[in-house]
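Notes follow the structure.
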Amino acid sequence: MATYAEMQEIFDDIRSDFRYDHELNGCLNCGICTATCPSAQFYDYSPREIVQLLWTENVDQIYDAMQEKIWACAQCMTCAARCPFKNSPGGLVAIMREVAIKHGMDSARDVLRPFGRVMLKLITTGNQLSPDMIQPDHFPDWGPNIQKVEGDLKTLRKAIPVKTLQTTATAWEVSLKTSVEMYTIWEMTGVLDALELMDENLFDVIEDFIDEKREEYEDWLEEQEEDDDD
Amino acid sequence: MSKNQTPPNPGAEGQGIAGHGAFFQQTNLSPEEAEKATDWVRKHVDKRSMDLGERMDDIRDHMWELEKEGEIIVHRITDEHKPETVQTLFGWDKKIPTTRLWHHKSCGQCGNIPGYPTSLLWFMNEFGYQPGVDYLDETDQTSCTAWNYHGSGIGNVESLAAVFLRNFHQAYVSGKQHGHELGHFYPLVHCGTSFGNYKEIRKYLIESADLREKVKKILGKLGRLVDGKLVIPEEIVHYSEWVHVMRHRIANELQKIDISNLRVTVHAACHYYKMVHEDAIYDPTVLGGNRAAPGTSIAQALGAQVIDYSTWYDCCGFGFRHIISEREFTRSFTMDRKIRVAREEANADVMLGIDTGCITTMDKNQWIGQAHGQNYSMPIMADVQLAALACGADPFKIVQLQWHASPCEEVVEKMGISWSDAKAKFEQYLKEVEQGNIEYLYDPKLAVGG
């Protein structure tokens, strides 16, 4: 359990985000947001409650909500579209999630564990998911009709009449230069630091991958220069 | 009131008309006078043209000011992009370019529903667009990374902004490699979440000098500034908006199959119209202007029966994180609130979507419903896929329905296309593919970017 000072620090981080005043403008407690919220129908989660906690600066209950509740939000932003005060409870939840990660909260670690594979794909390739991640074996709940034509994945992907889509390990072919540019973005915006705090093993794997790709890119650049000299 | 009771006589002395109370009095107006007195009931109220005063800011006004002050460069939609002007939620104009488009792909579509982008490119070819001149699909682009952000919280406004500006800078300069001017190709965003995220990020970039300052350093390091400035697009345009403005041309020039026998429901993507909602397109001729127009408008133009349903406003249950790690929520929500309702209320032949996550969610999570006695199903596909079928595209080679788990066979058959014949033809084609004889929508060399 965090001390009150730690909880206050977490709240201060939330409200110092420049989006905070944009997303929170007051609250009538009308509950339109909760009435229309898909997650409220399935979880102990209410966007109205989140807004009220923030509006009343209830730091210990904000901390409490960050243990589990904020991860129930489906981020559909229906609440934001309906709120008569132009609040965005979904947007506030996004800020709270970022702060939960920044403070290395256990709730964030638990939630992100099953997300590792997606994170690895995204950070290293610039694509969120790939055809080889969506194989029938991985999703038995999608039923027997998941693939309507028999055939190996490579051939089926080659049969897509668009060059960039004939891939299996990325959703589309991303050029090496593009991926290397992405790594710079991840580094300069603190995303890799956040990842290290959340999952050190995953971070190590990603770092190695990035180093390898950067070397590959440097080699390619050298080859280009040599070709130009010739 | 019990069943056997007689309802009160509306005209009886002192009773008034049912529901109006005893104080009701006849006006004794002539039919002409009555019609005049109730004119306001029949009057069309244009909800799109309300005066918002200072309550709602059009961020684009500030964008032009920033350009004037030399802070940014606006990637313009010019006459060369042959734009169509449409109206958004509050009646504001939005320009939709119809040609010279840079395809900004969707990771979920390309990875999982490839018939989505192929149907779109197929349409451009059918209209005679020249690849490399009228459109470009290239490798120098990444996901917007917003799926990850909304799902995990890893990432932040700066990373999202840097990715947005990097991808859109590439769109701005991409023409050079093909002998065109800067700004030749205009970005067409395929994914609904990318569309919503980019609009939100553009708003933050225009509002926050601090954010601009931070990302400028990153873009500078990447060599992605033009004259030392950030490039920001005049409009952020979703592919479904292109389909929307092209719908009459699609129906008039390309439609081959009559689909007036199809009952169609539409699920508009939350991130299309609930994020930066003032930018979504509405049209009084599409469900009275009470629903976002894209998706529905093409079904209407093709002559299908568009059927509304009570849970149209609900999300699909995708949840970003939930589809991956809390699938019980995703499949329960999609079955209870979307598929069951579209089946029982609308008895639809197909549900159309305009985004990646919704189609994945609704398409893939039907079969498991049987575990809870939910023995119903519904073909799910994108608006552009149904349109391509109606215009004679091959269900496998182009529309790529083999990747869908929902019973798309049923709607294809109802359109008079033989699923088994098309499948047999495609299986033959796969043998050709194995031999390296692959058909392309454009010359693969054009794809090499960066």
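Just so it is clear, none of the values below were taken in a lab; they were calculated from the coordinates. Values in this document were obtained by computation on a predicted structure and should not be read as measured data. Cβ coordinates were reconstructed from backbone atoms using ideal geometry, including for glycine residues, and neighbour counts include every protein chain displayed.
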Give the share of C-alpha pairs in each 10 angstrom bin for region B:59-239, from 0 to the last occupied bin, in whole percents, shortest bins first.
9, 38, 38, 14, 1
Using the alpha-carbon atoms, what tilt in degrees (0 to 90, nearest 10) does helix B:419-434 show relative to the longest principal axis of chain B?
10
Which log10 I(q)/I(0) values, to two decimals, does region B:210-298 give at q = 0.13 Å⁻¹ under the Debye formula with one point per Cα?
-0.64
Choice from A:G31, A:G151, A:G126 showing the highest fluctuation, given a GNM over chain A with Cα pairs closer than 10 Å:
A:G151
If N is the number of residues in region B:293-450, what value comes out of its Cα radius of gyration divided by 2.2 N^0.38 Å?
1.15
Longest DSSP-loop-exposure-free segment, chymotrypsin sites (Phe, Trp or Tyr not before Pro), chain A, at most 16 other Cβ within 10 Å
A:86-230
Per the Kirkwood treatment, what hydrodynamic radius in Å, one decimal, follows for the protein assembly as shown from the mean inverse distance over all distinct Cα pairs?
26.5
Find the relative contact order for chain A and round it to a whole percent, using C-alpha pairs within less than 8 Å whose residues are 6+ positions apart.
16
Taking chain B as a Gaussian network, Cα atoms linked when under 10 Å apart, which of B:H184, B:H372, B:H322 shows the biggest mean-square fluctuation?
B:H372
With the Cα gyration tensor of chain B giving a ≥ b ≥ c as the square roots of its eigenvalues, does the rule (a/c under 1.5 for rounded; else a/b larger than b/c for prolate; else oblate) give rounded, prolate or oblate?
oblate
What residue among A:V99, A:V205, A:V59 has the largest mean-square fluctuation in a Gaussian network model of chain A, using Cα springs under 10 Å?
A:V205
Shape call, region A:131-223: gyration tensor on alpha carbons, a/c limit 1.5:
oblate
Computed for region A:113-229: size of charge dipole around the Cα centre, +1 on C-beta of each Lys and Arg, -1 on C-beta of each Asp and Glu, debye to nearest 20, value 1340
Using the Cα centre of chain B as the reference point, and only Cβ charges (+1 on K/R, -1 on D/E), how large is the resulting charge dipole? Debye, rounded to the nearest 20.
880
Every cysteine in the protein assembly as shown with no other Cys Cβ under 4.7 Å from its Cβ, please list them in numeric order.
A:C27, A:C30, A:C37, A:C73, A:C83, B:C107, B:C110, B:C144, B:C191, B:C391, B:C408
If one takes the longest principal axis of the Cα atoms in chain B, at what angle in degrees, from 0 to 90 and to the nearest 10, does the Cα axis of helix B:157-173 lie?
70
Part-to-part distance (alpha-carbon centres) for region A:174-194 and region A:23-90, which is given in Å:
32
Any chance you could give the angle, 0 to 90 degrees and rounded to 10, that helix B:239-249 forms with the longest Cα principal axis of chain B?
70
